[in-house]
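Enquirer: Quick one: the structure is below, questions incoming.
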Amino acid sequence: MQVEWFDYELPERLIAQTPLKDRTASRLLTLNKETGAIRHQTFESLIDYLEAGDVLVLNDTRVLPARLFGVKADTGAKAEVLLLKQLEGDRWEALVRPGKRLKAGSVIAFGAEEQGEGSKPLLTATVEEEREMGSRVLRFSYEGIFNELLDRLGHMPLPPYIKEQLPERERYQTVYAKHEGSAAAPTAGLHFTKSFLHRLEQKGIQLAYITLHVGLGTFRPVAVDHVESHTMHEEYYEVSAEAADRINAAKAGGHRVVAVGTTSARTLETAIRVSTQPGQLTACSGWTDIFIYPGVELKIVDALLTNFHLPKSTLLMLISALAGRERIMAAYKEAVEQEYRFFSFGDAMFIY
């Protein structure tokens, strides 16, 4: 399967640079995966597409202020670090810039300017290892509590296509974000407010929370010609017994499992494949590199709420597995024509 089959033209002006003031004010394109029928709605219309007994599965990961700006300790040259995954203790996998100048043994200093000239930096990172795809293993040294220093020195890791500054950090978090560990937000969840979630529950829609910490897979482009040759980067996930029971009960009652975002979909499809009870979810956790594209069967996800994704991305391939590539590409063509807002801070799409 050719990666080029998932390409489309997008005017740069349609890439949303800032979030809407009201989270629920975005537009919603709905796509019937069986008929291909498309409708143009507002986000709050989602409630009309959900029925009592359906279970909405949300990723409660919390984004770390994972982007750090520092200097090389020996030369004072600027350096940038994006934390991706905690390995153990103070060792992290990260992306660095400029990569060519940050080889094994390099030391990066952060927060020195806050302490004054000639003083010890608040945080230092030593490059211990160079890995594939340009990532590095860093070991951090500091006094105090790492997360407090990260909160003080770090910036939200907005994607490179967003050029505007984010006025407040919490706008890049879901309102239900709980477990810290992501290098990017599960953006489909950014549309929800606590009051809208309450309205859904009042209608009888169940909410189940799972966790997948978004990592390098989000930033890594597909660099091969054939889809089947691409390898996903591992990301950590957790499904609790409570969430598994709630999802199993919905399925047993003939109701739908509705994933909020591709991260929730990947977690659910991983969990059903490692389950100790065939056809049912069980509590589980671990690392997943599942890659879902047309031809890979979705075993538990019935419907999906998602944002609009980058051309030739693994996320576009995942939703094509659910609704079919031709229907997805036709929907994207219409979304461009109707000038929907694309990517992280953009509008939403509901595939049912």
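The values are calculated or read from the model by the stated rules, or taken from the named source; none is laboratory data. Just so it is clear, the model here is predicted, and its values are computed rather than measured. All Cβ positions, even for glycine, are placed from backbone atoms using ideal geometry, and neighbour counts span all protein chains on display. Note: areas computed on protein heavy atoms with side chains; ligands, DNA, RNA excluded. Shrake-Rupley method; radii C 1.70, N 1.55, O 1.52, S 1.80 Å.
Enquirer: If only one of Glu148, Glu180, Glu201 is open to solvent by 20 Å² or more (accessible area, probe 1.4 Å), outside the structural domain of Ile108 (by the TED database) and closer than 16 Å to Arg62 by Cα, which one is it? Lay out the reasoning, then the answer.
Expert: On the way: Glu148 fails: outside the structural domain of Ile108 (by the TED database); Glu201 fails: closer than 16 Å to Arg62 by Cα.
Just a single option satisfies the conditions, and that option is Glu180.
Enquirer: Another one. Specify which of the listed residues (Lys85, Lys21) is open to solvent by 10 Å² or more (accessible area, probe 1.4 Å) and in contact with a Phe, Trp or Tyr (Cβ under 8 Å, 6 or more places away or on another chain).
Expert: Exactly one of Lys85, Lys21 is open to solvent by 10 Å² or more (accessible area, probe 1.4 Å) and in contact with a Phe, Trp or Tyr (Cβ under 8 Å, 6 or more places away or on another chain), namely Lys85.
Enquirer: Name every residue in segment 151-161 that is buried (at least 17 other Cβ atoms within 10 Å of the Cβ) and either touching a His at 6+ places or on another chain (Cβ under 6 Å) or part of a loop (DSSP other than H, G, I, E, B) (or both), in order of residue number.
Expert: Gly154, Met156, Pro157, Leu158
Enquirer: For residues that are closer than 18 Å to Glu130 by Cβ and in contact (Cβ under 8 Å) with a residue 40 or more places away in the chain, scanning just segment 88-99, find the one that is surrounded by the fewest Cβ atoms within 10 Å (Cβ to Cβ).
Expert: Going through the qualifying residues, I end up with Arg91.
Enquirer: A further question follows. In segment 255-279, which residues are open to solvent by less than 70 Å² (accessible area, probe 1.4 Å), in contact (Cβ under 8 Å) with a residue 24 or more places away in the chain and either of a type outside the set (Val, Ile, Thr) or in contact with a Lys or Arg (Cβ under 8 Å, 6 or more places away or on another chain) (or both)?
Expert: His255, Arg256, Val257, Ala259, Gly261, Ser264, Ala265, Arg266, Leu268, Glu269, Ala271, Ile272
Enquirer: Working carefully through the options Arg136, Arg131, find the one that is buried (at least 18 other Cβ atoms within 10 Å of the Cβ), outside the structural domain of Tyr49 (by the TED database) and of a type in the set (D, E, K, R).
Expert: Just a single option satisfies the conditions, and that option is Arg136.
Enquirer: Would you please name the residue that is farthest from the chain's Cα centre (by Cα), looking only at residues in segment 222-267 that are under 20 Å from Leu46 (Cβ atoms) and hydroxyl-bearing (Ser, Thr, Tyr)?
Expert: This residue is Ser264.
Enquirer: Is there any pair linking a residue in segment 325-352 that is at pLDDT 95 or above to one that is open to solvent by 10 Å² or more (accessible area, probe 1.4 Å) and among the hydroxyl-bearing types (Ser, Thr, Tyr), with Cβ under 7 Å and at least six apart or on different chains, and which?
Expert: Pairs found: Met329/Tyr8; Tyr332/Tyr8; Lys333/Tyr8; Phe343/Tyr161; Ser344/Thr187; Phe345/Thr18; Phe350/Tyr49; Tyr352/Tyr49.
Enquirer: Which condition does Tyr352 not pass, out of (1) crowded, with 22+ Cβ neighbours inside 10 Å; (2) of a type in the set (Ser, Thr, Tyr); (3) farther than 22 Å from Gly217 by Cα, if it passes all the others?
Expert: That leaves (1) as the condition not met.
Enquirer: Any idea how many residues of segment 25-59 are open to solvent by less than 10 Å² (accessible area, probe 1.4 Å) and either closer than 30 Å to Phe140 by Cα or not hydrophobic (A, V, I, L, M, F, W, C) (or both)?
Expert: Qualifying residue count for the region: 4.
Enquirer: Could you please tell me which pairs satisfy a Cβ distance under 7 Å, a separation of 6+ or placement on different chains, a first residue in segment 35-60 that is under 26 Å from Arg266 (Cβ atoms), and a second residue that is of a type in the set (Phe, Trp, Tyr)?
Expert: Qualifying pairs under 7 Å: Leu46/Phe350; Tyr49/Phe350; Tyr49/Tyr352; Leu58/Tyr176; Leu58/Tyr209; Asp60/Tyr176; Asp60/Tyr209.
Enquirer: Can we say Leu102 is touching a residue at least 60 places away in the same chain (Cβ under 8 Å) and surrounded by 16 or more Cβ atoms within 10 Å (Cβ to Cβ)?
Expert: No; evaluated as a whole, the condition is false for this residue.
Enquirer: Out of segment 214-239, which residues are assigned to a loop (DSSP other than H, G, I, E, B) and either within 26 Å of Arg23 (Cα to Cα) or open to solvent by less than 10 Å² (accessible area, probe 1.4 Å) (or both)?
Expert: Matches in segment 214-239: Val214, Gly215, Phe219.
Enquirer: Go through segment 181-213 and give me each residue that's at pLDDT 95 or above and in a loop (DSSP other than H, G, I, E, B).
Expert: Ala185, Pro186, Phe192, Thr193, Lys203, Gly204, Ile205, His213 - these are the residues of segment 181-213 that are at pLDDT 95 or above and in a loop (DSSP other than H, G, I, E, B).
Enquirer: Of Glu164, Glu242, which residue is open to solvent by 70 Å² or more (accessible area, probe 1.4 Å), assigned to a helix (DSSP H, G or I) and either in contact with a strand residue (DSSP E or B) (Cβ under 9 Å, 6 or more places away or on another chain) or not aliphatic (A, V, I, L, M) (or both)? Let's see the steps before the verdict.
Expert: Details: Glu164 fails: assigned to a helix (DSSP H, G or I).
The conditions single out Glu242.
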